[in-house]
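Structure first, commentary second.
The values are calculated or read from the model by the stated rules, or taken from the named source; none is laboratory data. From a predicted model like this one, the values you see are computed outputs, not experimental measurements. For neighbour counting, all protein chains shown are included, and Cβ atoms are generated from backbone atoms with ideal geometry for every residue, glycine included.
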Amino acid sequence: MPKIEALMPLQQVDQEIHRLRMQRDEKPRALAPLEARLARAKENLEGVRAEIKALKLEGQKREHSVKELEDKIQKLQAQANMARKNDEYQAFQKEISGIKADKQRIEDGLLDIYMQVDEKGKLEKVRDSEVKAADGECAIARKQNEAEIAELDRKISELAARREELAGAVDRELLARYDRVLRVKDDGVALAPIVIYESIEDEGVRKYWGCGGCSVGVTSQDVNEVRRAKDILSCRSCSRLLYWPEEGKAS
Ligand SMILES: [Zn+2]
């Protein structure tokens with residue numbers, strides 16, 4: 001009759017393996033805030049670059065308009081010079097001064113655009129340095145993260161080898177039973193002690209024996225069997241293999 005105690009060292013190693021695997025799975029997520037910061041910094045930089053592009057385009061449009069108006073003024077001036085009557089000449093001059101005023105407005109706007117391009121250019125430099133800083137931090141963190149993952153992998157494979165060793169010493173049938181439970185548990189725990197639970201009910205506090213894994217009650221007959229190591233029983237609810245804890249721990 002194999003004893004459940006034979007599984008204890010194995011359970012210890014499996015729990016440790018489970019713990020390390022959880023840590024390992026968490027690792028890539030640790031980079032998420034830094035990567036989000038980098039993405040935001042890149043977005044900001046692209047945003048300011050798009051603004052600069054739009055401003056320059058608007059500037060070109062206005063420069064083109066200024067050029068057009070200058071051509072128009074020149075033509076009108078030539079026509080005015082050929083005018084034979086004074087009132088004709090005056091009419092040209094009036095039109096010309098109207099266009100000059102338009103041109104002035106556009107040029108004032110252009111100046112404003114040039115200033116904005118200048119300001120945005122300074123902002124672009126700031127945003128660019130933010131991207132570089134976030135990128136650098138990300139690279140360092142990724143490298144560190146990779147090293148931590150490698151270290152965890154190393155520990156896990158070390159423990160896996162240790163597990164092989166321990167498993168070899170366990171009765172095969174019992175090991176198969178244990179492994180079946182372990183596979184379906186998401187906490188790496190296939191063994192459970194029988195413990196005393198207290199529940200507060202109308203009649204007062206009721207004490208009962210239960211599975212230390214899932215807290216579902218265990219019959220006193222089963223408790224006796226486990227206690228006397230007559231048989232290896234599974235919890236009826238969570239299927240974990242039940243064991244009797246060392247004296248003084250059954251509470
Ligand atoms: Zn249970």
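Give me the residue from the range 223-236 that is in a loop (DSSP other than H, G, I, E, B) and within 11 Å of the ligand (Cβ to nearest atom) and, out of that set, surrounded by the fewest Cβ atoms within 10 Å (Cβ to Cβ).
Quick first cut of the range 223-236, residues in a loop (DSSP other than H, G, I, E, B) only: 228-233, 235-236.
The next check asks that each one be within 11 Å of the ligand (Cβ to nearest atom); those that pass are 233, 235-236.
Details: Leu233: 20, Cys235: 22, Arg236: 14.
So the residue we want is Arg236.
Testing Val181 on (1) at positive phi; (2) in contact with a Leu (Cβ under 8 Å, 6 or more places away or on another chain), one condition comes back false. Which one is that?
Exception for Val181: condition (1).
So, Lys185, is that one within 16 Å of the ligand (Cβ to nearest atom) and either farther than 17 Å from Ile4 by Cα or exposed (fewer than 11 other Cβ atoms within 10 Å of the Cβ) (or both) or not?
yes
If you check Leu45, Leu38, which single one turns out to be within 16 Å of the chain's Cα centre (by Cα), assigned to a helix (DSSP H, G or I) and touching a residue at least 12 places away in the same chain (Cβ under 8 Å)?
On the way: Leu45 fails: within 16 Å of the chain's Cα centre (by Cα).
Just one listed residue meets the conditions, Leu38.
Do we find that Ser220 is hydroxyl-bearing (Ser, Thr, Tyr), away from the ligand (no atom under 13 Å from the Cβ) and free of Cβ contacts under 8 Å to residues at least 40 places away in the same chain in this structure?
Working: hydroxyl-bearing (Ser, Thr, Tyr): yes; away from the ligand (no atom under 13 Å from the Cβ): yes; free of Cβ contacts under 8 Å to residues at least 40 places away in the same chain: yes.
For Ser220, the condition - hydroxyl-bearing (Ser, Thr, Tyr), away from the ligand (no atom under 13 Å from the Cβ) and free of Cβ contacts under 8 Å to residues at least 40 places away in the same chain - is met.
Give the residue that is surrounded by the most Cβ atoms within 10 Å (Cβ to Cβ), with candidates limited to residues of the range 165-179 that are touching a residue at least 40 places away in the same chain (Cβ under 8 Å) and not aliphatic (A, V, I, L, M).
Tyr178
For the range 192-210, check the following and say yes or no: at least one residue is within 18 Å of Gln12 (Cβ to Cβ), out of contact with any Lys or Arg (no Cβ under 6 Å at 6 or more places or on another chain) and either more than 13 Å from the ligand (Cβ to nearest atom) or touching a residue at least 40 places away in the same chain (Cβ under 8 Å) (or both).
So far as the range 192-210 goes, yes, one or more of its residues are within 18 Å of Gln12 (Cβ to Cβ), out of contact with any Lys or Arg (no Cβ under 6 Å at 6 or more places or on another chain) and either more than 13 Å from the ligand (Cβ to nearest atom) or touching a residue at least 40 places away in the same chain (Cβ under 8 Å) (or both).
Just name the residue that is farthest from the ligand (Cβ to nearest atom) out of those in the range 237-247 that are buried (at least 17 other Cβ atoms within 10 Å of the Cβ) and hydroxyl-bearing (Ser, Thr, Tyr). Before you say what the answer is, go through the steps one by one.
At the first step, the residues of the range 237-247 found to be buried (at least 17 other Cβ atoms within 10 Å of the Cβ) are 238-244.
From what's left, hydroxyl-bearing (Ser, Thr, Tyr): 239, 243.
Details: Ser239: 7, Tyr243: 12 Å.
Looking at residues that are buried (at least 17 other Cβ atoms within 10 Å of the Cβ) and hydroxyl-bearing (Ser, Thr, Tyr), I get Tyr243.
For the range 36-51, indicate whether the set of residues that are touching a Gly at 6+ places or on another chain (Cβ under 8 Å) and either at pLDDT 95 or above or closer than 25 Å to Ile96 by Cβ (or both) is non-empty. Full working, then the answer.
First pass over the range 36-51, keeping only residues touching a Gly at 6+ places or on another chain (Cβ under 8 Å): none.
There is no residue in the range 36-51 that is touching a Gly at 6+ places or on another chain (Cβ under 8 Å) and either at pLDDT 95 or above or closer than 25 Å to Ile96 by Cβ (or both).
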